[in-house]
Amino acid sequence: METNLSSSVGKQARRPIYLDYNATTPLAPEVAAAMRPFLEEHFGNPSSAHRFGTVARTAVEKARSQVAGLLNVEPEEIIFTSGGTESNNYAIRGAALASSERGRHVITSRIEHPAVTEVCRQLETEGFEITWLPVDGSGLVRVVDVAEAIRSDTILITLMHANNEVGTIQPIREVAEIAGPRGILLHTDAAQSVGKIPTDIRELRVDLLTVAGHKLYGPKGVGALYVSDGVLLHPLMRGAGQERGRRPGTENVLEIVGLGEACQVARHRLSEDMAQMRACRDELERGLCQSIPDVRVNGHRDQRLPNTLSISIRDINADQLLAAIEPLVAASAGAACHSGQVRVSHVLEAMAIPEDWARGTIRLSTGRNTTVEEVRAAAAAIAKAADQLRRGQL
Ligand SMILES: Cc1ncc(COP(=O)(O)O)c(C=O)c1O
């Protein structure tokens, strides 16, 4: 049997249609080009005073400005990390521990990524109290619920900007207007929104914001955390004084350069990317809704990422559907089957999607490279497989 690796190396043209851009994105060509000299030539340590070091330092600071440019903040407010997970850990844990003298109450939602929920769970075991806000059927947190959850000892609200499974965009600015005057820190996990919708921090007014490089055509294993000037964070790691003493360890220069370039490209292409991703997503949605009986679209109709389509196909098993289409289409499931038991994702559960629908939920996400021809072919393949599964022919 051919291995995945040999098939992906040898048969580029035959690869399935990639509709999983929320899982990860390929490197943009501009990003690969910017990184190459740092892979092959510039190896210096940014902390070294000699010429090798200054080349690396200059590149890291250029990347910091590029990330800051996309978010419309000052470069000094950007810290480089190993990705979305570390940024979330540092923001939440760092803020909670640094503010624990003032209070030990944190507010979050039930539909966050595990890189947030698991950090909050850990804080619970350390004497912090967490309020897990519900969402409505479209995956939206109600701003009044946030306001009502606030107590005198609330120190932090962490609410994702856009949901990775259904794409619903939370009312972050409205939450900021409640949190700010009360002196409560607001963190948003923007791993899925940066590069897909505007993420201008002067608009969002958050104190902390998470960026993940590989979701916006940058490399995997690098990310950034925006930390508003003056916000105190308890460090996750101890070591030397890099990143203004906030994140020790020799900088990952190669990937930081890639992240910077990815942010610069995203900034220049944002409207074009949004229009193109939306056109393909909408075509896909139309195709599926027209050709499959008993299908529903999850997530908010308008407040939704332009590239994300979560659909539930009634009385279908998502794992079986994905396996059937795998040679043609790469997508993700909203429910997974383990040893005969179907486990619906916590997001669909929080949205109260009925189980006979939730079990047949797949997430399709378009990207910069998706074409209308691709989504038409994907819709036809999915509709055919769903029909065959329903007839018991697969
Ligand atoms: C919303 C969200 N937050 C955080 C992460 C984690 O990011 P990373 O893979 O860079 O650690 C992801 C990745 O799937 C995500 O979708």
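Summary table
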{"read-out": "Single condition Glu101 does not satisfy, out of (1) in contact with a helix residue (DSSP H, G or I) (Cβ under 6 Å, 6 or more places away or on another chain); (2) over 30 Å from Glu251 (Cα atoms); (3) charged (D, E, K, R)", "value": "(1)"}
{"read-out": "Filter pass, Gly221 being surrounded by fewer than 22 Cβ atoms within 10 Å (Cβ to Cβ), within 16 Å of the ligand (Cβ to nearest atom) and within 23 Å of Phe38 (Cβ to Cβ)", "value": "yes"}
{"read-out": "One residue from Leu309, Leu284, Leu322 being outside the structural domain of Ala162 (by TED's automatic domain parsing), in a helix (DSSP H, G or I) and buried (at least 20 other Cβ atoms within 10 Å of the Cβ)", "value": "Leu284"}
{"read-out": "The lone exception for Arg173 - which of (1) under 23 Å from Ser99 (Cβ atoms); (2) more than 21 Å from the chain's Cα centre (by Cα) it fails", "value": "(2)"}
{"read-out": "Subset tally (residues that are under 24 Å from Ala33 (Cβ atoms) and touching a Pro at 6+ places or on another chain (Cβ under 7 Å)) for the stretch 224-258", "value": "4"}
{"read-out": "So Leu186, is it closer than 16 Å to Arg202 by Cα, out of contact with any Leu (no Cβ under 6 Å at 6 or more places or on another chain) and not in a helix (DSSP H, G or I)", "value": "yes"}
{"read-out": "Filtered residues of the stretch 189-228 (kept if out of contact with any Gly (no Cβ under 8 Å at 6 or more places or on another chain) and assigned to a helix (DSSP H, G or I))", "value": "Ile201, Arg202, Glu203, Leu204"}
{"read-out": "Qualifying residue in the stretch 9-19 (condition: modelled with pLDDT of 95 or more, within 16 Å of the ligand (Cβ to nearest atom) and not assigned by TED's automatic domain parsing to the domain that holds Val206)", "value": "yes"}
{"read-out": "Val194 being within 30 Å of Pro46 (Cα to Cα), touching a residue at least 12 places away in the same chain (Cβ under 8 Å) and within 12 Å of the ligand (Cβ to nearest atom)", "value": "yes"}
{"read-out": "Residue check, Leu236 within 16 Å of the ligand (Cβ to nearest atom), more than 16 Å from His161 (Cβ to Cβ), in a loop (DSSP other than H, G, I, E, B) and among the aliphatic types (A, V, I, L, M)", "value": "yes"}
{"read-out": "Scan of the stretch 227-253 for residues that are of a type in the set (Ser, Thr, Tyr) and over 24 Å from Ile184 (Cα atoms), ordered by number", "value": "Thr250"}
{"read-out": "Long-range neighbours under 6 Å by Cβ, at least six apart or interchain, first residue within 14 Å of Leu97 (Cβ to Cβ) within the stretch 119-131, second of a type in the set (Asp, Glu)", "value": "none"}
{"read-out": "Residue check, Leu186 away from the ligand (no atom under 14 Å from the Cβ), aliphatic (A, V, I, L, M) and closer than 17 Å to Leu208 by Cα", "value": "yes"}
{"read-out": "Subset of the stretch 158-175 [within 16 Å of the ligand (Cβ to nearest atom) and among the aliphatic types (A, V, I, L, M)]", "value": "Leu159, Met160, Ala162, Val166, Ile169, Ile172"}
{"read-out": "Top-ranked residue in the stretch 73-110 [being over 25 Å from Val143 (Cα atoms) and assigned to a loop (DSSP other than H, G, I, E, B); ranked as farthest from the ligand (Cβ to nearest atom)]", "value": "Glu101"}
{"read-out": "Filtered residues of the stretch 349-394 (kept if among the charged types (D, E, K, R), touching a residue at least 40 places away in the same chain (Cβ under 8 Å) and farther than 20 Å from His300 by Cβ)", "value": "Asp356, Arg359, Arg368, Glu374, Arg376, Asp387, Arg390"}
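Conditions tested, residue by residue: (1) assigned by TED's automatic domain parsing to the domain that holds Ser345; (2) on the phi > 0 side of the Ramachandran plot; (3) of a type in the set (A, V, I, L, M).
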| position | (1), (2), (3) |
| --- | --- |
| Leu225 | no, no, yes |
| Asp229 | no, no, no |
| Leu232 | no, no, yes |
| Pro235 | no, no, no |
| Arg246 | no, no, no |
| Glu251 | no, no, no |
| Met277 | yes, no, yes |
| His300 | yes, no, no |
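The values are calculated or read from the model by the stated rules, or taken from the named source; none is laboratory data. Remember, predicted model here, so these are calculated numbers, not experimental data. So basically every Cβ, Gly included, is an ideal-geometry build from the backbone, and we count neighbours across all protein chains shown.
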